[in-house]
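The values are calculated or read from the model by the stated rules, or taken from the named source; none is laboratory data. Since this is a predicted model, take the numbers as computed values, not measurements. All Cβ positions, even for glycine, are placed from backbone atoms using ideal geometry, and neighbour counts span all protein chains on display. We work out accessible area using only protein heavy atoms, side chains counted, and drop any ligands, DNA or RNA first. Shrake-Rupley method; radii C 1.70, N 1.55, O 1.52, S 1.80 Å.
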Amino acid sequence: RGFAKDPALVLNFYNERRRDVAAAKPNAAHIGLAELEKDFDVTIITQNIDDLHERGGSTNVLHLHGEIFKMRSVADDETIYEIRGDINVGDLDEKGIQLRPFIVWFEEPVPMMEKAAPLLHNCDYFIVIGTSLQVYPAASLLHYAPTFLPKFIIDKKIPEIGNYINLTKIEMPATEGVRELRKLIVG
């Protein structure tokens, strides 16, 4: 609704976010997760729209809510373009339709959930890091994890999540918690 009301304002907001992300650097948690690829087939399922996992070295990242360095047509969510600069009112796709950030906005479907949920049935561990578990549908991934599957949650303040079987809580910042996780699953 905000984009329909004032597209320039929304585009500027995301242009500023794109600049912020470009200036950011991966932290020890991003790098530590990438290092797990030495021992495991790792898929990162993230709500984050940045590319810090990729820059940290992860090679298999699924972005649930889109990617800040991509854009798409307002009318077509299948045709995606790379973007490093700004998107402005009047920037059009080859069909003459306004471009917008490749971001899932409120009230829009989260199509990558269809790819993410089945992954939980073929994994050895399910690890949740740095989330309040309040943003749905992403928070529902914990419910898709099979009961027998070892689950870990890493957060400096773990939210109330109810009773889950095979759940290990690591109450630390992600940068420290990923190190602790590695000790638990790799040795």
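For Ile127, nonlocal amide neighbours, meaning residues 5 or more places apart or on other chains whose placed amide H falls under 5 Å from its own, are Phe152. Using R0 = 35 Å, the C-beta based FRET efficiency linking Phe40 and Glu16 works out to 0.45.
Counted residue by residue at 0.36 nm each, then reduced by the alpha carbon distance between them, the extension gain from Ile97 to Thr168 reaches 20.7 nm. For Lys157, a cut-off of 25 angstrom between C-alpha atoms picks up these lysines, skipping any fewer than 8 places away in its own chain: Lys25, Lys169, Lys183.
Cα to Cα, under 28 Å, and not fewer than 8 places away if on the same chain: which lysines meet these conditions relative to Lys5? Candidates past the 8-residue exclusion: Lys70, Lys95. Under 5 Å from the amide H of Thr79 lie the amide H atoms of Ser73, each residue being 5 or more positions distant or on a separate chain, with H modelled from the backbone and absent for Pro and chain starts.
What whole-number distance in Å separates the alpha-carbon centres of the stretch 11-76 and the stretch 133-187? That distance is 20 Å.
Equivalent-ellipsoid semi-axes for the stretch 28-162 (Cα gyration tensor, √(5λ), whole Å, largest first): 30, 17, 14.
Roughly speaking, to the nearest percent, how much of the chain's 1.4 Å accessible area is carbon and sulfur? Can you show the working numbers first?
Working: 5750 of 10870 Å².
Taking all protein chains in place, the chain shows 53 percent carbon and sulfur surface.
Shown are His121, His65, whose ranking by accessible area with a 1.4 Å probe and every protein chain present, most to least, is His121, His65. Counting every C-alpha pair in the stretch 72-138, the share spaced more than 19 angstrom apart comes to 52%. For the pair Gln134 and Asp6, a Förster radius of 30 Å applied to the C-beta separation gives a FRET efficiency near 0.65, rounded to the nearest 0.05.
Under the 0.36 nm per residue contour assumption, what length would be gained going from the current alpha-carbon distance of Ile185 and Thr147 to full extension? Answer, rounded to one decimal: 11.9 nm. Helix content alone sets the calculated 222 nm mean residue ellipticity of the chain: runs of n ≥ 4 DSSP H residues at -39500 (n - 2.57) each, divided across all residues, give -8000 deg cm²/dmol.
Computed with every protein chain present, the accessible area of Lys115 is close to 120 Å² [probe 1.4 Å].
For the chain, the longest principal axis of the alpha carbon atoms and the long axis of helix 7-23 meet at an angle near 50°. A simple rule links phi to the HN-Hα coupling: the Karplus curve 6.51 cos²θ - 1.76 cosθ + 1.60 with θ = phi - 60°, which for the stretch 172-187 gives 8, x, 3, 4, 8, x, 5, 4, 5, 4, 4, 4, 6, 9, 10, x Hz, with x for Gly and Pro. For the stretch 14-86, the solvent-accessible area works out to 51 Å² per residue, with a probe of 1.4 Å and every protein chain left in place.
Taking every pair of alpha-carbon atoms in the stretch 97-187, give the share separated by more than 22 Å as a whole percent.
Result: 36 percent of Cα pairs exceed 22 Å.
The label-point distance for Cys123 and Asn27, in a model that sets each label 7 Å from Cα toward Cβ, rounds to 2.0 nm. Length gained on full extension, Glu176 to Glu107, computed as 0.36 nm times the residue gap minus the Cα-Cα distance: 21.4 nm.
Note on the chain: with charges restricted to the Cβ of Lys and Arg (+1) and Asp and Glu (-1), its dipole about the Cα centre is near 480 debye.
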